[in-house]
Amino acid sequence: MKNSFFGVRSGLAAALAFGLSHATFAATELTVYTAVEAEDLKKYAARFNEDHPDIKINWVRDSTGIVTAKLLAEKENPRADVIWGLAATSLLLMKGEGMLHAYAPNGLDGLDSKFRDKSNPPSWTGMDAWVAAVCVNTVESDKHNLPMPASWKDLTKPVYKGHVAMPNPNSSGTGFLDVSSWLQMFGEEGGWAFMDQLHQNIDHYTHSGSKPCKQAARGEVAIGVSFAFRGAKSKAAGAPLEVIIPSEGIGWDMEATAIVAGTKKLDAAKTLVDWSVSEKANKMYNEGYAVIGIQRLAKPVEHFPENIPQAMIDNDFEWAAQNRKRILAEWQKRYDSKSEPKS
Amino acid sequence: MSEAFLKIENLTKNFGQFTALRNISLEVFEGEFVCFLGPSGCGKTTLLRAIAGLDIQTQGSIAQAGEDISVLPPAERDFGIVFQSYALFPNLSVEKNVAYGLESRRAHRNEVSQRVAELLALVDLADQTKKYPAQLSGGQQQRVALARALATSPGLLLLDEPLSALDAKVRAHLRMEIKELQRRLAVTTIMVTHDQEEALTMADRIVVMNHGVIEQIGTPQEIYASPASQFVADFIGTMNFISARTASAGKCVLEDLEIAVDTSGLEAGQPVQLAIRPEDVQLGADDALEDQSQARGTIESLEYLGAFVRATVELDQSGARVQADLSTGDIDQFALRPQSSVAVTFPAEKIRLYSLDA
Amino acid sequence: MAGASYLSGTRGSPLRRKSSSDDRAMRLFILVIAIYLVIALAFPLYVMFSKSLENSQGGFVGLQNYLEYFNTPSLVYSIQNSLFIGFVTTCITVTIAFVLAYALTRSRMPGKPVFKTIAMIPILVPSLLPGIALIYLFGRQGLINELLFGHEIYGPIGIVIAEVFFTLPHALIIIITALSIADARLYEAATALRASRPRIFFTVTLPGVRYGLISAAFVVFTLSVTDFGAPKVIGGDFNVLATDIYKQVIGQQNFEMGAVVSMVLLLPAGLAFVVDRIVQKKQVALLSARAVPLEPLPNKRFDSLMLVYSIIISIFILGILGVCQFAALVKFFPYNLSLGFSNYQFDLMDGGGWDSYFNSIEMASYTAVFGTIIVFAGAYLVEKGQGLGPIRGAFQFLAMLPMAIPGLVLGLAYIFFFNSPSNPLNFLYHTMTILVISTITHFYTVSHLTATTALKQMDSQFESVAASLKQPFYRTFLRVTVPVCTPAILDISIYLFVNAMTTVSAVVFLYSPHTTLASVAVLNMDDAGDIAPAAAMGMMIFYTAAGVKILHYLLSRGIESRTQAWRVAVAN
């Protein structure tokens, strides 16, 4: 597209190029909706293109809630061909709406049984687990004399008032897995009671799941409820962060892959999904995530807390998916006042 | 000359509720120079624009050279036009302006430049070809506009107040030049002006207009000497108007004088306006009061206007004021001073009567 | 065509001029551009209005959505918040702008062109940028956050400061114009009557600029109420109407409610627009052609006071930019202040990476080229065309309308209209073309007015002369109109280019994965917490816009000197 801009000389040529400037070069283009961290997208596409240079991926990235809402809104007129890297709870929701094309990819057998849809053929297959964590800025917590929290319940202590940021579950998948895990761990009533207390300490709810941790990294808040991957990345970038795995256990969700029903490019979509469960792909996921679909390949990840697999709760995705709408509405009613715009 | 070159019949132009032209009929003959003269708002420019097709009339027809052009767009009519603002294209040189109408007519380039040179020589601007309009004086710009309008040898030349943006001296000079050019090219010309001097000096015939109607059409001499209406009488030159009354046929009564005049079309005993030009009023010594056609008056003031003196005289009986133009010789001869008593003579053949309702 | 309808002499129906080929061509062109405006403006707005009366399944529900809206306290609260922001911003901006304009026109302080140039800078940056700077200045880790005395920058304080920065040049231009048309003779008369300086100020100066002040106030109010960049970045949980639209549409995919909020947002903007048009007319009437320009007299104390004031304002503006540039270069604020270019690795961030920067340049170029052609040709046809009176009237109305339509509203209307599967123009959705169309439409009015003003200054008889010389209209258009109007044409294209670079509001709903834009990338990077790269991208936009402005300046100077020989006449 840069070439077409600088190459245009006459008005006529510009008129012809107008709207045509993005002519296809690869044989097939797939529109892929994703909530994978932005900094990984190029890498994912590049690795995939090493094996399949004839398929071009056009990413549409936003946070989990937004991508989910977008997909649901486009139900009648879908624009996505494949979903690669969206929370399994969201995909379960879409499965219920009949929006996914069931497909058993080559290499399905190699996946951990948790990392696939229970139906046969499965509507979605998992990539990696992404787990909740708490990012604590050590400089800021020293400055404000904040003790290092060890559990979720610790975060409700008055000392943390105004020092905590967390993602809004309506827009952020991380936010939702936090909320759904608390409801599962503490029970429905206990969960809301916990959140009511936590709400007292929350400075603001963010739109994005990674933002609380990025803000903690910059010291804009002391504590950001986010996810482990983000904390590890920021720590690697030199932020004075401690990534805490709360003692009660942590919510988690899978990033997963699915084909959108009605896609006109089914063959290319299948090729992509086949690749997404391959060993090569799993090794790639492992560069950022400790828990992946083919767990025997997993190697430890730098700056990642080590006790993650043990802390992951026994997450009931079906329950979470079925109750998602109700939970979000309830949350919205209780806590929306502290949300950033766009939530 | 028998058939009119331009024939306008029953032309009416309405702007919403306002009638700008009412039932105008007019003939212009080939090679004639006609002026539309009138105060601003009289409809003269509207008439010109209708002839050009720029603002189409509401009703009525126009024929040029035997062809009905009533509803043709300007581009399909045959005329050249010069506006008060000249409307010279500022970004084109003098020669490009003049050549503007020639170039796209597939004329050979040499022919075009030859014609341009010829036209510029005609308007005496042969040495200014490369300049831009902004670098010329107003008079020069006017002549460029004229050359541009004449370039395509139009059958009809329209001039819309072409001189009014110029200062007096240039104006007088250009007046002569345009008239001379028109005579030489024998191009039928219509000029709109509000300046009577311009009209009187340049036109073969003058069309005097007021409130959307034609008051009079005639040669300059006819218009000046025999104004057809009180409006024309008042608008052209200077005119005394004195209240009077018709008496028996061929007579009117002013003060206690009975004057023999043409009263055709007027009833006896009707109040009228007696019109006479100052240069036609004669003053004489008081004691020389000879006959019934003289009134007694007192000089109120004397105004020296260079070549002549204009006296304002108050008539003793009615108190009406009359202006009379005198040579300095007359002043000396009759020893006229303010407050002098004088005898005022109204030569019957110079008097015109207008009924009051006109 | 020829027939009884214009038989001469017939009573009743007035004569109609036979159409020339020029007339027909011009009517065809004006119809084409009018249809463009109908498609790009009228239809989308209509569809959006009807959406606000529908439920998500497309069934008609009357005012149901409006009832729901006004029964949702948090949403209604946003109206108050928006009005509050608009009111406070207007008071502050107009005051600051007035004093600055006064300094620039009525003092003899040195460096006036420099101060004026600096004050115009905010036009060259997206409205998100001041918000980002404020986070660095007054956030929790802010460089000078002690100055807030414990107050929170996230919220009304931050929004208002950012809006003042963003709206200042707009108010300044209007007030400078109003102050410049003052008639020196009034001041001489007042001085001769021995009126004191304050008395002259209140009896001559203020009344003279009152329409300018009103106009500036409404422009600032509209801009600050409809702006979305500043509240998005620095607003925290202080919701306003503009962020509500965004939140309903992007966050909750609740398009119908977005349409309702849009209709609500149209009210203040539409009102401001109407008042501004009325005031503009009066302002023109106030203009006396014979006014003698006022030459300020030197006054040492007053001049140095104004100088100090101008310096403070300049520091504020340059400071905002400086902080952003600093933030963009710092490796890891606030813990690692060493400098580097790591924040320029946009490809590792949300928002589309470097591609979005080049997309923006591409989009801005197309907008400038095609927008200028459409706008100028449209204005020319409206001014010079013959016949089709009602269509020209409708065209004029449509051309003025975009000024009253907030960008977010326009963008949302485009989603409704162009993304409908039944619309044959559906193929435009998610293309570069729709971004260009929406941007041209969004900034149509000012461009149209610029073109119209330039055309009105031309001798209205050019076309008549050309017709008498039997020249087709396009020849005169290309050989005379366009060359004479070149400065205005350049102004329009630069205006469109700069605004296309900085705008967020309309395009935020319309970009696609292929057509991410730099300004939207700033928004999305900030949203993801990558605030330093957001600042870096914002500064890239600034440098690009500033570069184009400088180019424009040089180009204008060049043209001016090359055409000086004939341009004198046009100026007179």
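The values are calculated or read from the model by the stated rules, or taken from the named source; none is laboratory data. All values reported here derive from a predicted model rather than from experimental measurement. Note that we place each Cβ from the backbone using ideal geometry, even for glycine, and neighbour counts take in every protein chain shown. Just the protein is used for accessible areas: all its heavy atoms, side chains included, with ligands, DNA and RNA removed. Shrake-Rupley method; radii C 1.70, N 1.55, O 1.52, S 1.80 Å.
This table checks each residue for (1) at pLDDT 85 or above; (2) buried (at least 19 other Cβ atoms within 10 Å of the Cβ); (3) under 28 Å from C:Val484 (Cα atoms).
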| site | (1), (2), (3) |
| --- | --- |
| C:Gly340 | yes, no, no |
| C:Phe346 | yes, yes, no |
| C:Met349 | no, yes, no |
| C:Asp355 | yes, yes, no |
| C:Ala368 | yes, yes, yes |
| C:Ile374 | yes, yes, yes |
| C:Gly385 | no, yes, yes |
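The sole residue among B:Ala285, B:Ala249 that is over 21 Å from B:Gln317 (Cα atoms) and surrounded by fewer than 15 Cβ atoms within 10 Å (Cβ to Cβ) is B:Ala249.
Collect the residues in region A:234-249 that are open to solvent by 30 Å² or more (accessible area, probe 1.4 Å) and touching a residue at least 24 places away in the same chain (Cβ under 8 Å), keeping them in residue-number order. The answer is A:Lys235, A:Ala236, A:Glu242, A:Ser247, A:Glu248. Could you list, in sequence order, all residues of region C:128-150 that are away from every other protein chain (no Cβ under 14 Å) and in a loop (DSSP other than H, G, I, E, B)? Within region C:128-150, C:Ile144, C:Phe149 qualify. Close contacts from region C:160-179, counting a first residue that is under 11 Å from C:Ser224 (Cβ atoms) and a second that is outside any helix (DSSP H, G or I) and among the acidic types (Asp, Glu), with Cβ to Cβ under 7 Å and a gap of 6+ residues or different chains, come to C:Glu163/C:Asp227; C:Phe166/C:Asp227. On the stretch given as region C:20-35, residues that are buried (at least 16 other Cβ atoms within 10 Å of the Cβ) and over 15 Å from C:Tyr380 (Cβ atoms) total 1.
Within region A:101-108, is there a residue that is within 10 Å of another protein chain (Cβ to nearest Cβ), more than 24 Å from C:Tyr511 (Cβ to Cβ) and not aliphatic (A, V, I, L, M)? Quick ask: steps written out before the conclusion?
Taking region A:101-108 as the starting set, the residues that turn out to be within 10 Å of another protein chain (Cβ to nearest Cβ) are none.
No, the conditions are met nowhere in region A:101-108.
Which is open to solvent by less than 20 Å² (accessible area, probe 1.4 Å), over 27 Å from C:Cys485 (Cβ atoms), assigned to a loop (DSSP other than H, G, I, E, B) and modelled with pLDDT of 90 or more, of B:Leu125, B:Leu120? Before the answer, list the steps.
Working: B:Leu120 fails: assigned to a loop (DSSP other than H, G, I, E, B).
Every option except B:Leu125 fails the conditions.
Taking the criterion of being away from every other protein chain (no Cβ under 14 Å), assigned to a loop (DSSP other than H, G, I, E, B) and closer than 30 Å to C:Asp22 by Cα, the only residue of region B:42-58 that qualifies is B:Gly43.
In a residue-by-residue description of region C:530-542, the property of being among the acidic types (Asp, Glu), surrounded by fewer than 23 Cβ atoms within 10 Å (Cβ to Cβ), at pLDDT below 95 and farther than 20 Å from C:Tyr366 by Cβ applies to no position. If the condition is being modelled with pLDDT of 95 or more and either part of a helix (DSSP H, G or I) or not assigned by TED's automatic domain parsing to the domain that holds A:Glu318 (or both), then region A:160-177 contributes only A:Tyr160.
Every condition in (1) within 19 Å of the chain's Cα centre (by Cα); (2) closer than 24 Å to C:Val498 by Cβ; (3) open to solvent by 10 Å² or more (accessible area, probe 1.4 Å) is met by C:Ala162 except one, and the failing one is (3).
Consider region A:178-207 and keep the residues that are open to solvent by less than 10 Å² (accessible area, probe 1.4 Å) and not in a helix (DSSP H, G or I). The one that is farthest from the other protein chains (Cβ to nearest Cβ) is A:Ile202. The single condition among (1) touching a strand residue (DSSP E or B) at 6+ places or on another chain (Cβ under 7 Å); (2) buried (at least 18 other Cβ atoms within 10 Å of the Cβ); (3) more than 10 Å from chain C (Cβ to nearest Cβ) that A:Asp54 does not satisfy is (2). Scanning region C:507-535 for residues that are in a helix (DSSP H, G or I), over 18 Å from A:Lys211 (Cα atoms) and more than 13 Å from every other protein chain (Cβ to nearest Cβ) returns C:Val507, C:Ala518, C:Ser519. Looking only at residues in region A:159-175 that are closer than 21 Å to A:Lys235 by Cα and in contact with a His (Cβ under 8 Å, 6 or more places away or on another chain), the one that is most open to solvent (accessible area, probe 1.4 Å) is A:His163.
Conditions (1) in contact with a Phe, Trp or Tyr (Cβ under 8 Å, 6 or more places away or on another chain); (2) among the small types (Gly, Ala, Ser), marked per residue:
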| residue | (1), (2) |
| --- | --- |
| C:Ile489 | yes, no |
| C:Tyr495 | yes, no |
| C:Thr502 | no, no |
| C:Val507 | no, no |
| C:Tyr511 | no, no |
| C:Ala518 | yes, yes |
| C:Asp530 | no, no |
| C:Ala535 | yes, yes |
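Between A:Thr125, A:Thr156, A:Thr89, A:Thr138, which is over 23 Å from the mean Cα position of the chain (by Cα) and crowded, with 20+ Cβ neighbours inside 10 Å?
On the way: A:Thr125 fails: over 23 Å from the mean Cα position of the chain (by Cα); A:Thr89 fails: over 23 Å from the mean Cα position of the chain (by Cα); A:Thr138 fails: crowded, with 20+ Cβ neighbours inside 10 Å.
None of the others qualify; the one that does is A:Thr156.
Screening C:Leu398 against (1) open to solvent by less than 50 Å² (accessible area, probe 1.4 Å); (2) out of contact with any Ser or Thr (no Cβ under 7 Å at 6 or more places or on another chain); (3) within 14 Å of chain A (Cβ to nearest Cβ) leaves a single unmet condition, (3).
Only helices (runs of 4 or more DSSP H) wholly contained in region C:175-260 count here; list those with 3 or more residues that are open to solvent by less than 50 Å² (accessible area, probe 1.4 Å). Walk me through it before giving the result.
Values: elements: C:184-192, C:197-200, C:206-226, C:229-234, C:241-246.
In region C:175-260, the matching helices (runs of 4 or more DSSP H) lie at C:184-192, C:206-226, C:229-234, C:241-246.
Got a sec? Which helices (runs of 4 or more DSSP H) wholly within region A:264-314 have at least 1 residues that are among the acidic types (Asp, Glu)?
A:266-276, A:279-286
Would you point out the residue of region B:59-114, among those that are assigned to a loop (DSSP other than H, G, I, E, B), of a type in the set (Ser, Thr, Tyr) and open to solvent by less than 40 Å² (accessible area, probe 1.4 Å), that is nearest to C:Asp459 (Cα to Cα)? Applying the filter and picking the extreme gives B:Tyr86. Candidates in region A:63-74 are the residues that are more than 8 Å from chain C (Cβ to nearest Cβ) and not hydroxyl-bearing (Ser, Thr, Tyr); of these, the one that is most open to solvent (accessible area, probe 1.4 Å) is A:Glu74.
Please tell me if C:Ala488 is among the aliphatic types (A, V, I, L, M), under 16 Å from C:Phe443 (Cβ atoms) and under 22 Å from the mean Cα position of the chain (by Cα). It is true that C:Ala488 is among the aliphatic types (A, V, I, L, M), under 16 Å from C:Phe443 (Cβ atoms) and under 22 Å from the mean Cα position of the chain (by Cα).
From the list A:Asn120, A:Asn77, exactly one residue is more than 14 Å from every other protein chain (Cβ to nearest Cβ) and surrounded by fewer than 22 Cβ atoms within 10 Å (Cβ to Cβ). Which is it? Spell out the reasoning first.
Working: A:Asn77 fails: more than 14 Å from every other protein chain (Cβ to nearest Cβ).
Among A:Asn120, A:Asn77, only A:Asn120 is more than 14 Å from every other protein chain (Cβ to nearest Cβ) and surrounded by fewer than 22 Cβ atoms within 10 Å (Cβ to Cβ).
For A:Ser234, the conditions (1) at pLDDT 90 or above; (2) small (Gly, Ala, Ser); (3) not in a loop (DSSP other than H, G, I, E, B) all hold with the exception of (1). Within 30 Å of B:Ala75 (Cα to Cα), crowded, with 17+ Cβ neighbours inside 10 Å and more than 14 Å from chain B (Cβ to nearest Cβ) - does that describe any residue in region C:465-476? No, region C:465-476 contains no residue that is within 30 Å of B:Ala75 (Cα to Cα), crowded, with 17+ Cβ neighbours inside 10 Å and more than 14 Å from chain B (Cβ to nearest Cβ).
Based on what the data block shows, is A:Asn323 open to solvent by 10 Å² or more (accessible area, probe 1.4 Å) and in a helix (DSSP H, G or I)? Spelling it out, A:Asn323 is indeed open to solvent by 10 Å² or more (accessible area, probe 1.4 Å) and in a helix (DSSP H, G or I).
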